[in-house]
Amino acid sequence: MKTLVVNEIFHSIQGESTLAGRPCVFVRLTGCDLRCSWCDTEYAFYEGSKRPIDDIVAEVAAFDCDLVEMTGGEPLLQPNIHELIARLLQLGKTVMIETGGHRDATTLDPRVRRILDVKTPSSGECGKTHEATFETLREGDEIKFVITDRADFDWSVDWLAAHRMPAAIPILFSPVHGKLEPAELAQWILESGIGARLQLQMHKILWPGVLRGV
């Protein structure tokens with residue numbers, strides 16, 4: 001019987017990515033091998049319980065929702081996630097995964113929408129990027145930069161210039177909530193001409209101060 005250590009499963013509004021605003025079921029797995037300075041889900045580092053994949057699938061399927069996101073923590077730390085994803089795809093779900101960008105995501109089912117973080121200097125985890133994954137970008141994938149200050153922004157622009165991402169891949173710039181005013185980041189994007197999308201964490205606007213289950 002295959003299992004996963006699950007922190008929480010909940011039904012909410014997708015707060016990030018180009019699918020922001022859509023209802024979504026989130027499966028948050030326990031464990032992370034990064035310690036980003038601005039992390040807002042530290043409770044997922046250790047809290048959770050081992051659950052059979054059958055039970056997880058049943059709980060997700062109980063929601064009348066066709067969009068599911070695998071998140072964490074770092075969901076790719078648990079190899080059995082591939083089995084869970086396969087089961088959800090069999091049910092006709094649209095499956096997303098948000099990963100720190102430092103783990104190998106090349107073996108994921110090609111139908112999975114991969115949201116890949118690129119860790120900026122302020123995260124304290126800069127440089128931990130699984131380059132091979134970024135060489136296999138495909139339709140449905142997105143790249144995200146979490147920005148704390150102008151140094152992060154300039155670094156991100158330089159990273160994009162060096163890596164030449166395909167034009168069809170959305171680039172998301174997200175201000176650290178409470179650290180950088182969205183309007184300031186918006187102005188930097190406008191002035192730079194890079195074509196990145198400003199991403200606000202919609203769930204934090206809808207439910208301010210609520211840390212779990214949103």
For the chain, what Kirkwood radius comes out of the mean inverse Cα-Cα distance, in Å?
17.6 Å
Can you give me the relative contact order of the chain as a percent, contacts being Cα pairs under 8 Å and 6 or more apart?
19 percent
Using a 7 Å offset from the Cα along the Cα-to-Cβ direction at both H82 and I13, what is the distance between the two label points in nm, to one decimal?
3.7 nm
Could you work out how far the C-alpha centroid of region 1-50 sits from that of region 132-170, in angstrom?
22 Å
Once the in-chain neighbours fewer than 8 apart are removed, the lysines whose Cα is under 21 Å from K2 read K50, K93
So which aspartates and glutamates can K204 reach, going by Cα to Cα under 15 Å and dropping same-chain residues fewer than 8 places off?
E16, D40, E181
Listed with the fewest Cβ neighbours within 10 Å leading, I115, I9 appear as I9, I115
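Here, each number is a calculation from the coordinates, and none is a lab measurement. Values in this document were obtained by computation on a predicted structure and should not be read as measured data. Heads up, the Cβs are rebuilt from the backbone with ideal geometry, glycines too, and the neighbour counts pull from every protein chain shown.
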